[in-house]
1. Given the condition open to solvent by 20 Å² or more (accessible area, probe 1.4 Å) and basic (Lys, Arg), answer yes or no: does some residue in segment 322-333 qualify?
2. When the residues of segment 238-256 are narrowed to those that are under 18 Å from Trp195 (Cβ atoms) and β-branched (Val, Ile, Thr), which ends up surrounded by the fewest Cβ atoms within 10 Å (Cβ to Cβ)?
3. Can you tell which of Pro100, Pro54 is loosely packed, with under 14 Cβ neighbours inside 10 Å and either in the same structural domain as Ala220 (by the TED database) or at pLDDT 65 or above (or both)?
4. Among Pro435, Pro457, which is within 15 Å of the chain's Cα centre (by Cα) and not aliphatic (A, V, I, L, M)?
5. Got a number for residues in segment 226-245 being modelled with pLDDT of 95 or more and acidic (Asp, Glu)?
6. Quick check, is Gly129 on the phi > 0 side of the Ramachandran plot, at pLDDT 95 or above and not aromatic (Phe, Trp, Tyr)?
7. Which fully enclosed helices (runs of 4 or more DSSP H) of segment 90-185 have 3 or more residues being free of Cβ contacts under 8 Å to residues at least 40 places away in the same chain?
8. Out of (1) surrounded by fewer than 16 Cβ atoms within 10 Å (Cβ to Cβ); (2) modelled with pLDDT of 95 or more; (3) out of contact with any Leu (no Cβ under 7 Å at 6 or more places or on another chain), what's the single condition that is false for Asn423?
Amino acid sequence: MMKPTTALELSFQNDGADKPDGGSTGGVLWPSRICYLVAVATTLWAVASILFPPSAFPLPPLMSSVTVVNQHPPPSEDDRTNVTADRCAGRYIYVYRLPPRFNDDIVRGCRALRPWMDMCPYMANCGLGRPLRDEGGGGGGVFPGRGWYATDQFMLDVIFRCRMRRYECLTGDPARASAVFVPAYASLDGGRYLWNSTATRDALALDLVAWLARRPEWRATGGRDHFLVAGRTAWDFLRKTDGDDDWGTKLLNIPAVRNMTALVLEMDPWNPSSHLAVPYPTNFHPATAADVRAWQAKARAFKRRWLFSFVGAARPGSNKTVRAEILQQCGASSRCGMFRCNKGSQCEAAPGAMMRVLESSSFCLQPRGDTATRRSTFDAVLAGCIPVFFHPDSAYTQYAEHIPAEPGRWSVLIMHTDVTDRNVSIEETLAKIPPAAVKAMRKEVIRLIPRFVYADPRSPRVDFKDAFDIAVDVVLHRVAKRRRGDVDGR
């Protein structure tokens, strides 16, 4: 039986039969086999173009960095064998898109944030401020490497929000989130109105609470899984009355806000369940672990010419404070270095001069400032200088998540009453510590450096655990306990 002949086979058969040299009826010459192939291919391409036209749209663009997303790579073959595995399980964070009046508009008004100075330069580089370059000149300055900035101590709101944008476990699904971040600039707002009426001081905080209360994410838990940064001491947000002569705002005393976790530079020791004390921002913001190691090596090599030192301003009006006694004892000792300024802002304006004193000292005295804590503690740790405290609230009751459980491993405590009553000599007390113990303490202080600093929030590869990471871990732990019904939630 003969096989049926297709149209394409027929054309090839005709192409072989009607060759020019074989003669052709009517004198017409047929194209060659190659011409037929070209003609057929062209016809097929044309038909396909009509039936399947190319898309008029390009591939979808990458998701905006502003949008919170799950940033994980596609699963590997091993991952697919256990589809329930998720390295972000229990760590997802949802970030609100707040109206700009709660954050960006405040930054735009940076010239009015403090009556006595222009804060706009401090907003640069995600709140880090301007870079500090080789202060001191001659190639041997205090800040020879990268990662050093003129950072204001109250810029944590901005730094933390910038860093959160690169957090690896962001999610756009509130139901999936283990915690919810409220990126309001509470510190900048509170600081700009501290000398205004209480109605003015509280206006934006009350506006924020009203905005949150309308959100389904808030109503789901009453805000108990929410957290925000208020980068000042808690006392700036704990006003108890509505009298204009009372200090601060009442942000942290608003019942709804007390359901949240507030990250502050110094917490209220009597209300620890809703506050978390985190380190003050310093001038050092390393981008990688290599930057940290390079600075730690430098800190180990500093020549310590002073047994102890003090950096700060006097507190006028009383000669019976521990600070007054420190100034007297340090001034009378040949083994004490001192950088004294008329007020705190003058010290902050000379970071190089301050660091030179801290780097040259074995022990750095840390009396209470306007409140129990002070930024100088963290500056001292950066310099590899062992902090000397005069009250437990200056560190031990505040930063438990960031410091060792044994205070004596990295610091010295001399009770302030012993100093003011002149029962002890600071110099004699410190001189009695054996050199081997001093060496071990300094080693521990330098080891703590990465836990006390905030990495550069613009870095795409922060490969060490910094103060931000520790704070986020604590928040997630607290929220998880609250979800399990732990009333304290700490």
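1. no
2. Filtering segment 238-256 for residues that are under 18 Å from Trp195 (Cβ atoms) and β-branched (Val, Ile, Thr), the one surrounded by the fewest Cβ atoms within 10 Å (Cβ to Cβ) comes out as Thr241.
3. Numbers: Pro54 fails: either in the same structural domain as Ala220 (by the TED database) or at pLDDT 65 or above (or both).
Among Pro100, Pro54, only Pro100 is loosely packed, with under 14 Cβ neighbours inside 10 Å and either in the same structural domain as Ala220 (by the TED database) or at pLDDT 65 or above (or both).
4. Details: Pro435 fails: within 15 Å of the chain's Cα centre (by Cα).
Sole residue among the options that is within 15 Å of the chain's Cα centre (by Cα) and not aliphatic (A, V, I, L, M): Pro457.
5. Qualifying residue count, segment 226-245: 1.
6. On the way: on the phi > 0 side of the Ramachandran plot: yes; at pLDDT 95 or above: yes; not aromatic (Phe, Trp, Tyr): yes.
Here the answer is yes, as Gly129 does meet what is asked.
7. Values: elements: 104-108, 120-127, 156-164.
Counting at least 3 such residues, we get 104-108, 120-127.
8. Answer for Asn423: the failing condition is (2).
The values are calculated or read from the model by the stated rules, or taken from the named source; none is laboratory data. This one's a predicted model, so the numbers in the text were calculated from it and none came from an experiment. All Cβ positions, glycine included, derive from the backbone under ideal geometry; neighbour counts span all protein chains shown. These area figures cover heavy atoms from the full protein model, side chains too; ligands, DNA and RNA do not enter into them. Shrake-Rupley method; radii C 1.70, N 1.55, O 1.52, S 1.80 Å.
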